[in-house]
Amino acid sequence: MEFVHQTLPQRVRFAPGQAAAGVAAEVAELDGRRVMLIASDREAEDAARIAADVPVVVSHHEVAMHVPVPVAERAREVARQHRADVVLTIGGGSATGLGKAVALTSGLPVVAVPTTYAGSEATDVWGMTEDGTKTTGVDARVLPRSVVYDAGLTLSLPVDLTVASTLNALAHSVDALWAPRADPINAALALEGARGLVSALPAVADEPEAMPGREGLLYGAYLAAVAFTSAGSGLHHKICHVLGGRFDLPHAPTHAVVLPHVLALNAPFAPDAERRLADVFDADTAVAGLEALRRRVRAPGALRDLGLRESDIPDAAEAILPVVPASNPAPVGRDELERLLHDAWEGTDPR
Ligand code: NAD
C-alpha cells in the first residue's frame, strides 16, 4: 500500500431545517460584513429567508448551467462594485459554480448551501464554458470554506431532478474508483457515499418529502464528491464534460445516462471495484445493480432524449479521445468511445 492522499480543508455543517442559523454562524466565523448572495431566480425567495441574518450587500440572480464566461464576468464585476468580502451561494451546482468563478479571480471565501446532490460544494474544481468548450481547472481558492447542508431545502427538488442529481452523485463515487488519483481512502469514502445514495434513493423517489431519505442523499452526495475531488476526473467525467460543454446537454441527466455504459466498459477490467460496487447494490454484478436501481427510479435512459444528435457522436468521440485518463482500467480508443456513445445515445441495456 503506497499512496499520497490529500484531504481538503473545509468546514461542513449538517443542519436539517436550520440553514439560516447555519449560514449566520459560518459567515460570522469568516467575519463576513459584506456578503454577495448568489441564487437563481427560482431559489431567490428561499435564499432571502436563509440569508436574513447575514449582512447581504447585493443579491445576484443571473445563474446559468456550465457557467458561461460572460455570466462569470458580470458576477465578478458585481462583487467588485459592492466590495463583497464573502460569497454566499444558495442553489444547485450552477449557483455554486458561479460562486467559484468569482472566488477564482477575487480569492473571496465562499459559503455554499447546496439544494441538489451535484456535490460541487465539496470540490476545488471550477468549470466555465466559452464557445462550446467547457474548461475545468483545480484551484484551492474555489473550494468553499464552509458548506451548510439542510436537507429541508431539497424537499422541493422534483423527483426527476432528484433521480438525475443522485445518479450524478453516484457517478462521483463510481468514477473515483479508477480515476487518476484513486487510492484506498477515497475508495472507502466513495463506497460509503454510494451506499448512502443507493439505499436512500428508492425511498425518496416514492416519498420525495420524507426527510430521512433526503438526509441520506445529502450525506452520500457529500462523501461521493469528497472522493471525486481527491481521486480526480475519470473517464465518465471526461465524457460528460465534453457532452455538457460542446452540446449543451443538461448536466445531471447526462451523467445519469452515461454512467451505466462507462461502468459496463470498465467493470471487466476493474474486478475489485466491480465486486465492491456489486456489494453496495446487493446485486450479482455492479452493472446489474445499477440498472435495477435506474429502472426502479425511472432514470433518464438515452442521450438522444437529452438533445444529442446521432451525427454528433464522431465529433464527441474526437473531443474525448485526447482526455481519456491513462488510469482508465479498460483500453479506450476511438472505436470504444463511439460504441459507448452510441449505446448511451440509443439507451441500450448496458447488461
Ligand atoms: P442546477 O444547479 O443547474 O439545477 C438544476 C435545476 O434545478 C435548476 O433549474 C435549479 O433552479 C433547480 N433546483 C435546484 N435546487 C432545487 C430545489 N431544491 N428544488 C427545486 N428546484 C431546484 O444543476 P446541478 O445538477 O445541481 O448542477 C449542475 C452544474 O454544476 C453544472 O454546471 C456542473 O458542471 C456543475 N458541477 C460542478 C462540479 C464541480 O465539482 N465543479 C460538480 C458537480 C456539478
Determine the relative contact order of the stretch 39-146: mean sequence separation of Cα pairs under 8 Å and six or more apart, normalised by residue count, in whole percent.
25 percent
The stretch 138-293: relative contact order from alpha carbon pairs under 8 Å, six or more residues apart, as a whole percent, is 27 percent
Counting only protein heavy atoms and a 1.4 Å probe, tell me what percentage of the chain's accessible area is made up of carbon and sulfur.
50 percent
Please report the antiparallel percentage of DSSP beta bridges with both residues in the chain, rounded to the nearest 5.
25 percent
Probe 1.4 Å, heavy atoms of protein chains only: per residue, the accessible area of the stretch 11-122 in Å² is 39 Å²
Per DSSP H run of at least 4 residues, take -39500 (n - 2.57); add these up for the chain, divide by its residues and hand me the 222 nm value, nearest 500 deg cm²/dmol.
-16500 deg cm²/dmol
Choice from Asp305, Asp175, Asp315 showing the highest fluctuation, given a GNM over the chain with Cα pairs closer than 10 Å
Asp315
Report, please, the projected area of the stretch 159-346 averaged over directions, based on the convex hull of its C-alpha atoms, in nm².
9.2 nm²
Bin by bin, in steps of 5 Å, what percent of the Cα pairs in the stretch 11-154 do you find, going until the bin that has the longest distance?
2, 12, 23, 26, 22, 11, 4, 1, 0
Probe 1.4 Å, all chains present, heavy atoms only: Ile313 accessible area in Å², nearest 10, is 10 Å²
Taking a probe of 1.4 Å and leaving out DNA, RNA and ligands, the stretch 159-346 shows per residue an accessible area in Å² of 38 Å²
Rounded to the nearest 10 Å², what accessible area does Lys238 show when all protein chains are kept and the probe is 1.4 Å?
60 Å²
Note the full-extension length gain between Asp206 and Thr136 as 0.36 nm times their separation in residues minus their Cα-Cα distance, in nm to one decimal.
21.7 nm
Let me check I have the definition right: for the chain, take the eigenvalues of the Cα gyration tensor, multiply each by 5, take square roots. What are those semi-axes in whole Å, largest first?
32, 22, 19
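The values are calculated or read from the model by the stated rules, or taken from the named source; none is laboratory data. Everything numeric in this text was worked out from a predicted model, so none of it was measured. Just the protein is used for accessible areas: all its heavy atoms, side chains included, with ligands, DNA and RNA removed. Shrake-Rupley method; radii C 1.70, N 1.55, O 1.52, S 1.80 Å.
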